1. Restricting attention to the range 521-556, which residues are assigned to a strand (DSSP E or B) and either among the hydroxyl-bearing types (S, T, Y) or on the phi > 0 side of the Ramachandran plot (or both)?
2. Is at least one residue of the range 560-578 surrounded by fewer than 23 Cβ atoms within 10 Å (Cβ to Cβ) and either within 23 Å of L479 (Cα to Cα) or under 22 Å from the mean Cα position of the chain (by Cα) (or both)?
3. Taking the condition out of contact with any Ser or Thr (no Cβ under 9 Å at 6 or more places or on another chain) and either modelled with pLDDT under 75 or assigned by TED's automatic domain parsing to the domain that holds L137 (or both), does A326 pass?
4. Is it true that S488 is more than 19 Å from the chain's Cα centre (by Cα), closer than 18 Å to N88 by Cα and of a type in the set (S, T, Y)?
5. Only residues that are out of contact with any strand residue (DSSP E or B) (no Cβ under 7 Å at 6 or more places or on another chain), surrounded by fewer than 16 Cβ atoms within 10 Å (Cβ to Cβ) and at pLDDT 75 or above: list them for the range 502-523, please.
6. Output the number of residues of the range 597-607 satisfying the condition of being in contact with a helix residue (DSSP H, G or I) (Cβ under 6 Å, 6 or more places away or on another chain) and within 17 Å of S684 (Cβ to Cβ).
7. Answer yes or no: is there a residue in the range 596-615 that is part of a loop (DSSP other than H, G, I, E, B) and either of a type outside the set (K, R) or within 21 Å of R701 (Cβ to Cβ) (or both).
8. In the range 251-273, which residues are of a type outside the set (D, E), without any contact (Cβ under 8 Å) to a residue 60 or more places away in the chain and part of a loop (DSSP other than H, G, I, E, B)?
Amino acid sequence: MAQPQPVPIRDEGTFKPYVPDEVVLPELTWRAVILGSFLGLIFGASSVYLALRVGLTVSASVPIAVLSITIFRALSKALGGQASILENTVVQTTGSAGESIAAGGAFTLPALVLLGFELDWTRTLVLSLCGGVLGVLMMIPLRRYLIVREHGVLTYPEGTACAEVLIAGEKGGTQAGLIFKGLLAGGLYKMGTAVFRLWNGVPEVHLPGLKASKVAVDVSPELMGVGYIIGYRSSAIMVGGGLLSWLVLIPAIALFGEGRVLPLYPSTVPIDKMLADDIWSRYIRYIGAGAVAAGGIINLIKALPTIVDSFRSSFRDLNLGGGAGAVRRTERDLPFRLVIFGSLGLALFMAFLPQLQAVPGFGVALLSAAIIVVFGFFFSVVSSRITGELGSSSNPVSGMAIATLMGTCILFILLGWTGHAYTAAAMSIGTVVCIASSNAGTTSQDLKTSFLVGGTPWKQQTAIIVGVLTSVVVIGATLQVLNRTNASKEEARYDAVLPVDPAAETDVGPDGATYHVARAGGRQDIPDGAYLVDGEGHVRYRVQPGIGSGDTPAPQATLMSLVTKGILTQQLPWGFVLLGVFTSILMEIIGVPALAFAVGMYLPLEATTPVFLGGLARKLVDWKRGSEAESDAGPGVLYSSGLVAGGSILGLLSSFLNLDFWIFPALRTGLGFGGGSLVPSFISFPLFLGLGYLTFRAATRSRPN
């Protein structure tokens, strides 16, 4: 068998993949699919946690590729020999579906909880499955244009870095040890804060002389890892938006609200009696919502010429996309008829989904399915193109979801479909489109990696569909468990009566009595959500869901719920929203990327400061290296990927097993401490800087492989 030889690649005419077309190697094997699915479950669950924590995810392709090479190499005897480079490519393709589905699902699905609906297992599973498969099908006819014809134009930075890792692994090099070191450091650090609470997890400082000002840092290793991966510029722009909110807007609102007796809508409490967090919750997040929505739309407008060109060229090349006419191995896609009939079948299936039927009748679900197909295909093209330019970690799928929600809500209003009942249908549409666009971008990135390595397209497309089928299970389970284990019951102070269904579930209140569970939505006298009521429907306790509070604030999902409910129920405070819109426009005028700045405005400051510190560490690494900047597959990125995985996994385990409930009380009692952390709060920040130093040292002492 001929051995593959690397050939320099520059343009379509002279391009030769690492594995030549005539060479046949093991590729879509059972061991590759199983390992890829397993890694997809791990990174999918950790990505859900990360998305709920800070509203961001990072590409998992490079760390999965490194882990695949290492695991196959270590278990080569038990698995029947060394894996080929194409098998490792299948592993990373299958596993990457977990992160992409997690991003789209965690950005949107939790909004249903915040709107007062139940986040049932069936809804999360079906909507995630439909969106994931739709994203793959939509990308198949675009491959020849975006991947092949645009080679040299669309760089696909993360997909190219992944190909470099796979080729380096084939030659005998790997730096998996850095991932494991980062995973260990992130896990131990997270254990100290989330489980044992040895030091304060969110140290904060209030600036004297500036009313309602606060600077805080969430000392989480996964957030520092994210900052290092996205780089200094993006992280600095994000923290800049946060500083504007917390050191300018919130103090200004507090200052101008001094002595005000009447509350300012949408708050029900006078500004003079509100803390910084209250002002952020009642006012700033609406400004941030307008800024994020405008930033996402601005990105789409800027990409409009390439979108039009992509559509024109893709439709022109559709007749070349079928598998029957392709002769060469590296040109064989899944049959185009599968794309057509699969998409039509999926649309028909969604038309009968009860999750898209806001009210009895077939009309809403049928229109919803049509909207999903139209928006899904449109944003799949957008997502794939942006991924080619910036990478999947910088793909603004949340902006695409917001645009979908706004378009859907406006269409519903034109048809007279307003009110709280239709918010669930609108959110279901946004969920499927968000997941489809996210997975389309990841699919295009994986196909680029396969194109450079010399993989078979139809096998890679099959692998990512398998990854979708396996990852949706753990993603839905993660959302369910986080929502239930972190939930709490608090005494409700609402003079409201809710309808009681005798057959509805019951729950035990904090007082030990049994109550009926009732849900409120779209009412003026009581917030959306679940409540414990007595036999006559009187509200006694509010069930505070785990998602949307505590360690999982779900910033993106909160934004989606605000936009959807505000438009359909006509309760959106447009004055604050427009402030955010014009802030994003101003940022674009002065040359600052609006979306990154807007995300920083919307997130709590404690979530953006650790991201900035991670980006600062990468800036110092690049300064130390001089002219040789670190690549997306460099040692610091691999170590940071381990930090993300280690911190997220320990955070998940702490939530799943409620470890801090069992361990922390016994520990502090045994050591004679009362409440709070066991180490003074001022120690937290130096310890976190020490974690940044470990990242810096790993990046500068390890030579690029």
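1. G529, Y531, Y541, S549, T552
2. No, the range 560-578 contains no residue that is surrounded by fewer than 23 Cβ atoms within 10 Å (Cβ to Cβ) and either within 23 Å of L479 (Cα to Cα) or under 22 Å from the mean Cα position of the chain (by Cα) (or both).
3. Against the criterion (out of contact with any Ser or Thr (no Cβ under 9 Å at 6 or more places or on another chain) and either modelled with pLDDT under 75 or assigned by TED's automatic domain parsing to the domain that holds L137 (or both)), A326 qualifies.
4. Answer is no for this residue.
5. Across the range 502-523, the qualifying residues are D511, G512, A513, R523.
6. Summing the residues that are in contact with a helix residue (DSSP H, G or I) (Cβ under 6 Å, 6 or more places away or on another chain) and within 17 Å of S684 (Cβ to Cβ) in the range 597-607 gives 2.
7. yes
8. Keep residues of the range 251-273 that are of a type outside the set (D, E), which gives 251-257, 259-271, 273.
Adding the requirement that they be without any contact (Cβ under 8 Å) to a residue 60 or more places away in the chain leaves 251-257, 259-264, 267-271, 273.
Passing the criteria: G257, G259, R260, V261, L262, P263, L264, S267, T268, V269, P270.
The values are calculated or read from the model by the stated rules, or taken from the named source; none is laboratory data. Not measured: the values here are computed from a predicted model. Methodologically, a virtual Cβ is constructed for each residue, glycine included, from the backbone with ideal geometry; neighbour enumeration extends over all protein chains shown.
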